[in-house]
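Comments concern the structure below.
The values are calculated or read from the model by the stated rules, or taken from the named source; none is laboratory data. Note that this is a predicted model, so its numbers are computed, not measured. Don't worry about glycine lacking a Cβ; one is built from the backbone with ideal geometry, like all the others, and counts go over all protein chains shown.
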Amino acid sequence: MIDQIQKDMLKAVADLDSLPVGAYNIRADGQSAARNTTANIDIVTKTDKPGIDIIIRPGTKKESVHIPVVISQSGLKECVYNDFFVGEDCDVVIIAGCGIHNCGAGDSQHDGIHSFFVGKNSKVRYIEKHYGDGDGAGKRVMNPESVVELAEGAEMQMETTQIGGVDDTLRKTTARLAAGAKLIIREALLTEGDQRADTDFTVTLDGEGASADVVSRTVAKGRSTQHYTSRVIGNAPCTGHTECDSIIMDQAKVTAVPELTANDLDASLIHEAAIGKIAGEQLVKLMTLGLTEQEAEEQIISGFLR
Amino acid sequence: MLKLEHIGYEVEGNKEILHDINLELNDRFVAITGPNGGGKSTLAKIIAGILTPTEGRIWLDGEDITHLNITERARRGISYAFQQPVRFKGLRVRDLLGLAAGKTTGVTAACDMLSEVGLCARDYVDRELNDSLSGGEMKRIEIAMVLARGTKLSIFDEPEAGIDLWSFQNLIRVFEKMYEQTKGSILIISHQERILNIADRIIMIADGQVERMGTRDEILPALLSSTCKVLTDKME
Ligand SMILES: Nc1ncnc2c1ncn2[C@@H]1O[C@H](COP(=O)(O)OP(=O)(O)OP(=O)(O)O)[C@@H](O)[C@H]1O
Ligand SMILES: [Mg+2]
């Protein structure tokens, strides 16, 4: 059911050599290719639209869900809704990822809307990798959207990576945090050639003691374009920190737009943005260790995006 | 092994930073000293290929290396520990030491160099070389990188700066050990009497020129007694 190309994509996006342990749902070329549920984690196909509901029972600890998506059929376009219902007092890891292999002329596109409803005092670690390859003229397009609702005391850490191969992407994240909830986002993004990436974060801190820490590290090469927007709204005594740190190369273009809104005297919000080329002294240092300029550049970038 | 012939360095506006430097380094342990702004770091950068001299030639073991770039000189066996170490977001101590050591030595052996400079390898190998490391820690890692390379010429630019008093004696021992156990030559830029005291030869650079040069016994007593305060104690 899963062919070699799709296997390679699974390896790239989810680090999977074989079927994962725990719950999983593998979607290949628009179809559910494999699924496993556990006593605590149920996966149900939606009836009204494409996608699945992932239901995690309260108190589920040390379990994981893999939901990778691979597309190898040129010209396939899909829009999938995955809703995660995480009960109270859970501690789980969710591994998502999307790989598009496009050898054909048609554009392949995956739009994924992930909604997370995280119950009180639960902890979720979410890992997402996006990857494109194949040498067809058709574009590889991914538009991931995440909607996050964190109940009191819930914690979510999102690690998202998109390093190469995706021609066009709009990455949209909206989060709403209740009292004492905590959101950590680490995004790593690399664009090259004529690629375009738009990142858009909106975090609303509604409850007392809510905190958000959103850090985006990006590298723009070639003639690629990146546009970064982060909006943080503090409606209670809370702390918010966003950071966009970009390395720009060649003829690339990067825009960073921060927007902070404090609606409470004790909302403490910070934004940091830095865009610049690789520091000359970093290249020089690595060259004194015997690396060529090219090798030095590669090391600096891969470290920066790690 | 290293020969500098009529080295001059000018920056725009005809400002002369170095003037007609002629040196032949055949001793295994040479110290360069002299007042702030005298041109010591500029000279080190010219040797490492980071700056190109506007005048003169540089020879390494009989080969004219004046037009070789930084990488080529590094591969010919020149290492340089910067006066101000460079920070990297994302690269870890183990990455840098691994790159310094190259494939043949490997990361593990390179990490042993951390203990040499008084850092517990386990606590440091996975740290990023970012702003979270203190100045003294950066300085020690910088030295460890040069030790890990183990090349025929190692240049240290004020290695003592920022190193605490207590560790200073250990630092001296690092250089002594390097001198005894390796075949490489050491070129240290320093203001510290205790470092000058273990050098075979001392060169004094002021106003972009070699002001004095000779064996330790010829130079050091005069330096210490002279009214000119060359040896500023830089230790904190
Ligand atoms: N690009 C430049 N433009 C103008 N002046 C420069 C430039 N580079 C260096 N200089 C000057 O050259 C002189 C020598 O600098 P250098 O860093 O070599 O001194 P140093 O002997 O290493 O001093 P220190 O003991 O403080 O480290 C200084 O006066 C410095 O200001
Ligand atoms: Mg200096």
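Can you pull out the residues in the stretch B:53-75 that are of a type in the set (Gly, Ala, Ser), more than 16 Å from B:Ile21 (Cα to Cα) and away from every other protein chain (no Cβ under 11 Å)?
B:Gly62
Which condition from (1) within 16 Å of ligand 2 (Cβ to nearest atom); (2) away from chain A (no Cβ under 14 Å); (3) at pLDDT 90 or above is the one that B:Glu137 breaks?
Condition (1) is where B:Glu137 drops out.
Per-residue answers, yes or no, for (1) under 27 Å from A:Arg217 (Cβ atoms); (2) away from every other protein chain (no Cβ under 11 Å); (3) at pLDDT 90 or above:
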| position | (1), (2), (3) |
| --- | --- |
| B:Gly77 | no, no, yes |
| B:Ala81 | no, no, yes |
| B:Phe88 | yes, no, yes |
| B:Leu99 | yes, no, yes |
| B:Gly106 | no, yes, no |
| B:Asp112 | no, yes, no |
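Give me a count of the residues in the stretch B:31-77 that are within 16 Å of ligand 2 (Cβ to nearest atom) and either of a type in the set (Val, Ile, Thr) or at positive phi (or both).
Of all residues in the stretch B:31-77, those within 16 Å of ligand 2 (Cβ to nearest atom) come to B:31-48, B:50-51.
With either of a type in the set (Val, Ile, Thr) or at positive phi (or both) added as a condition, the list becomes B:32-34, B:37, B:39, B:42, B:46-47, B:50.
Of the residues in the stretch B:31-77, 9 are within 16 Å of ligand 2 (Cβ to nearest atom) and either of a type in the set (Val, Ile, Thr) or at positive phi (or both).
Just give me the residues in the stretch B:139-161 being without any contact (Cβ under 8 Å) to a residue 60 or more places away in the chain and farther than 23 Å from B:Asn26 by Cβ, in sequence order.
Of everything in the stretch B:139-161, those that are without any contact (Cβ under 8 Å) to a residue 60 or more places away in the chain and farther than 23 Å from B:Asn26 by Cβ turn out to be B:Lys139, B:Arg140, B:Ile141, B:Ala144, B:Ala148.
When you go through B:Leu133, B:Leu147, B:Leu99 one by one, which is the residue that is within 26 Å of A:Glu298 (Cα to Cα) and in a loop (DSSP other than H, G, I, E, B)?
Criteria check complete, one pass: B:Leu133.
Within the stretch B:15-52, which residues are more than 13 Å from ligand 1 (Cβ to nearest atom), free of Cβ contacts under 8 Å to residues at least 60 places away in the same chain and more than 14 Å from chain A (Cβ to nearest Cβ)?
Residues satisfying the conditions are B:Glu24, B:Asn26.
Which of the residues belonging to the stretch B:114-133 are without any contact (Cβ under 8 Å) to a residue 12 or more places away in the chain and either within 14 Å of chain A (Cβ to nearest Cβ) or more than 18 Å from A:Phe304 (Cα to Cα) (or both)?
B:Ser115, B:Cys120, B:Ala121, B:Arg122, B:Asp123
What's the number of the only condition in (1) more than 16 Å from ligand 2 (Cβ to nearest atom); (2) touching a residue at least 12 places away in the same chain (Cβ under 8 Å) that B:Pro85 fails to meet?
Going through (1) more than 16 Å from ligand 2 (Cβ to nearest atom); (2) touching a residue at least 12 places away in the same chain (Cβ under 8 Å) one by one, B:Pro85 breaks only (1).
Results for (1) surrounded by fewer than 16 Cβ atoms within 10 Å (Cβ to Cβ); (2) assigned to a strand (DSSP E or B); (3) hydroxyl-bearing (Ser, Thr, Tyr), shown as yes or no for each residue.
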position: A:Gln6; (1), (2), (3): no, no, no
position: A:Ser32; (1), (2), (3): yes, yes, yes
position: A:Lys49; (1), (2), (3): yes, no, no
position: A:Ile54; (1), (2), (3): no, yes, no
position: A:Lys62; (1), (2), (3): yes, yes, no
position: A:Ile67; (1), (2), (3): no, yes, no
position: A:Ala96; (1), (2), (3): no, yes, no
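Of the conditions (1) among the polar types (S, T, N, Q); (2) at pLDDT 90 or above; (3) surrounded by fewer than 20 Cβ atoms within 10 Å (Cβ to Cβ), A:Asn25 fails just one. Which one is it?
Failing condition for A:Asn25: (3).
Return yes or no: is B:Asp164 among the charged types (D, E, K, R), farther than 23 Å from A:Glu281 by Cα and touching a residue at least 60 places away in the same chain (Cβ under 8 Å)?
Numbers: among the charged types (D, E, K, R): yes; farther than 23 Å from A:Glu281 by Cα: yes; touching a residue at least 60 places away in the same chain (Cβ under 8 Å): yes.
The answer is yes for B:Asp164.
Quickly run through the stretch A:146-171 and pick out the residues that are charged (D, E, K, R) and surrounded by 17 or more Cβ atoms within 10 Å (Cβ to Cβ).
Correct list: A:Glu149, A:Glu152, A:Glu155, A:Asp167, A:Asp168, A:Arg171.
How many of the residues making up the stretch A:112-158 are among the aliphatic types (A, V, I, L, M), out of contact with any His (no Cβ under 9 Å at 6 or more places or on another chain) and assigned to a strand (DSSP E or B)? Outline the logic, then answer.
From the stretch A:112-158, those among the aliphatic types (A, V, I, L, M) are A:113, A:118, A:124, A:127, A:137, A:141-142, A:147-148, A:150-151, A:154, A:156, A:158; that's our starting set.
Next, only the ones that are out of contact with any His (no Cβ under 9 Å at 6 or more places or on another chain) stay: A:113, A:118, A:124, A:127, A:137, A:150-151, A:154, A:156, A:158.
Among the residues that remain, those that are also assigned to a strand (DSSP E or B) are: A:113, A:118, A:124, A:127, A:150, A:156, A:158.
Matching residues across the stretch A:112-158 total 7.
Would you point out which residue out of B:Ile198, B:Ile143, B:Ile155 is buried (at least 20 other Cβ atoms within 10 Å of the Cβ) and more than 14 Å from ligand 1 (Cβ to nearest atom)?
B:Ile143
Report those strands (runs of 3 or more DSSP E) wholly inside the stretch A:189-306 carrying at least 2 residues which are within 12 Å of chain B (Cβ to nearest Cβ) and not small (Gly, Ala, Ser). Steps first, answer last, please.
Working: elements: A:196-205, A:211-220, A:225-234, A:238-248, A:253-262, A:267-276.
Ranges flagged: A:211-220, A:238-248.
Could you go through the stretch A:240-256 and let me know if any residue there is under 29 Å from B:Arg94 (Cα atoms) and among the polar types (S, T, N, Q).
yes
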